[in-house]
1. Search segment 469-490 for residues being under 16 Å from residue 429 (Cα atoms) and hydrophobic (A, V, I, L, M, F, W, C), and hand back the single one that is surrounded by the fewest Cβ atoms within 10 Å (Cβ to Cβ).
2. Please go through (1) outside any loop (DSSP other than H, G, I, E, B); (2) loosely packed, with under 13 Cβ neighbours inside 10 Å; (3) without any contact (Cβ under 8 Å) to a residue 12 or more places away in the chain for residue 329 and return the number of the only condition it doesn't satisfy.
3. Can you name the number of the only condition in (1) surrounded by 13 or more Cβ atoms within 10 Å (Cβ to Cβ); (2) outside any helix (DSSP H, G or I) that residue 315 fails?
4. Among the listed residues 474, 492, which satisfies the condition of being assigned by TED's automatic domain parsing to the domain that holds residue 445, at negative phi and either touching a Leu at 6+ places or on another chain (Cβ under 6 Å) or without any contact (Cβ under 8 Å) to a residue 12 or more places away in the chain (or both)?
5. With within 30 Å of residue 238 (Cα to Cα), of a type in the set (Ser, Thr, Tyr) and surrounded by 10 or more Cβ atoms within 10 Å (Cβ to Cβ) as the only criterion, which of 276, 344 stands out?
6. Hey, which of the strands (runs of 3 or more DSSP E) in segment 406-509, taking only ones fully inside, have at least 2 residues that are touching a strand residue (DSSP E or B) at 6+ places or on another chain (Cβ under 6 Å) and modelled with pLDDT of 90 or more?
7. For segment 217-242, give me each residue that is part of a helix (DSSP H, G or I) and not charged (D, E, K, R).
8. Does any residue in segment 268-285 that is in a loop (DSSP other than H, G, I, E, B) come within less than 9 Å, Cβ to Cβ, of a residue that is surrounded by fewer than 14 Cβ atoms within 10 Å (Cβ to Cβ) and hydrophobic (A, V, I, L, M, F, W, C) six or more places away or on a different chain, and which pairs are these?
Amino acid sequence: MMNYKHELKEMLPKSSKDFINFGRSLKAKYPKLYEEVESQTGFLPDCKFIERVYCLLNDITTAPICRITCKKLPFLGLSDGYASFHSSVKPIDFANYTPLAWSPITEEDKLALTNLYNETDKHLLSNKLVANFSHLVDSIVGATKHLNPCCFNERVFCIVHDTTRPDGYVWRAGSYVEMGVKKKQLHARDCKHEELSLKYFGVSDAKRGMLIESAIKKSVNDKELQSYPETDEGIKFVKCPVLGIRMLSIKNTYMKSILKMTKEEFKVAFPNQRTYCDASKDRIKEGLQKVGEDGRTAHRRSIDSAMPTKRTPGADGLTPNQKIGINSKATHMSNIDEHGRNGYSQLAQLRNSTFVESGFTVQQNALLKARITRSQLGNSKTPNASRASKIALAPIIDWLTANNKKYYFDRNEFCVNLDKRCYFYDLVIPEIKMCVEYQSRTFHADPRMSIEDLIKFKILFSSDNGLERIYADWVKAKYLFENRGIRMWYCWESSVTEDVDNILRSIKGAYDEI
């Protein structure tokens, strides 16, 4: 590390003008040294390269923070280092601000400040002040509390000139400049919004105040909403527990942008507060169920109108839908639990292990509903092979196809139909007398489960428990062997990768012996 510091010192430009291209030239000529500087100053994610060099040479390991504004200090240059205070306009949180020395400014202090202010470059004023009058820093802030937010130079200016910020003026380049007409209007609007935010939440936030004003106006201007009596609360409207305005529903976006709460935090803070009224609930149901003259529901129409936009590729060649899919996949794939399962596997495990009131798992209940729906629509046809079995047995199918081996699978399933019995089998390879069955948790009980779990296990579309299902699977395998001489191999969902590898190895071995 010391060698890197020594090399950097030797390479530093003599002229301040050459600092502009220093990082670029160092990266081109000495890439390893450049990477070392970047890695050693990772605490500065967004800054100029020369600032990184300064931190490295001066053993600075954290981003310097202004103790008054709690913001990162501005970097002045290699010779001047960091400013002592954040000179730009940043609000001070006086509730959490603890001064080191808070005392009135004397006439003697004021005279010294005046001389310093007149003789010093304004971008170095805070550094000079700390070097010569560090005991006055907190006193200057205390004497100009009413100027919040404002930059530190403006505070010193007001003390030196016995003045304050005139109404309708802004601080620009070391003095006050009168606002233009548009600027005055914006300033008045911001002041109004800050007052609203201060009134309801005790925080001066113009952006939040603007959202509060918009929400209040929307509620007041809704004549139908305002016409209901107070007894209709919960039926025709709900009330925001903070603003007290009438609303059809308190949405997550409202909680996040105005109340600054998550849904969980809102429930804890207001446990008895309803977030939607009965009328809003009925309106949602109607939008999902009522079919219009065009044969579509209101919900379907809104989706169809948004589709052209969502399916139009952007400059990067991706549609909004594709971007959402990519982000969603990245989120699930990076969400690894202590068992090494990604988000998709966790959801699948949850669906197959969570039981609903009917006694089925969530996955089984979904399949049952799908079967009922197909029956109501007069469509009872289902694929011969499940999507899960296609995915699980893909390595075996790919090998058989690549080596031109005959097999029965999917739409061409192997069937044994004798003595009024009919059994279908997932994958059958007649040449080597092998059958492979994929056993999902939804329809099959794993014999490796405990006796208690097997008895509790409930099979979809059947009254069988786990033990009875294992017996039924054995009867099916026995029937295939007795009538076709084909042996059954099982691939269990809980150990699918290992089982498929072992079965594929056995298939290859069987062909080698032919």
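1. The extreme case among them is 481.
2. (2)
3. (1)
4. Just one listed residue meets the conditions, 474.
5. Result of the check over 276, 344: 276.
6. The strands (runs of 3 or more DSSP E) meeting that bar are 421-429, 434-439, 487-492.
7. The answer is 219, 220, 221, 225, 226, 227, 231.
8. So the pair list comes out as 277/235.
The values are calculated or read from the model by the stated rules, or taken from the named source; none is laboratory data. In this text the structure is predicted, and so the values were computed from the model without any measurement. A quick note on method: Cβ atoms are made from the backbone with ideal geometry, for glycine too, and the neighbour counts reach across all protein chains shown.
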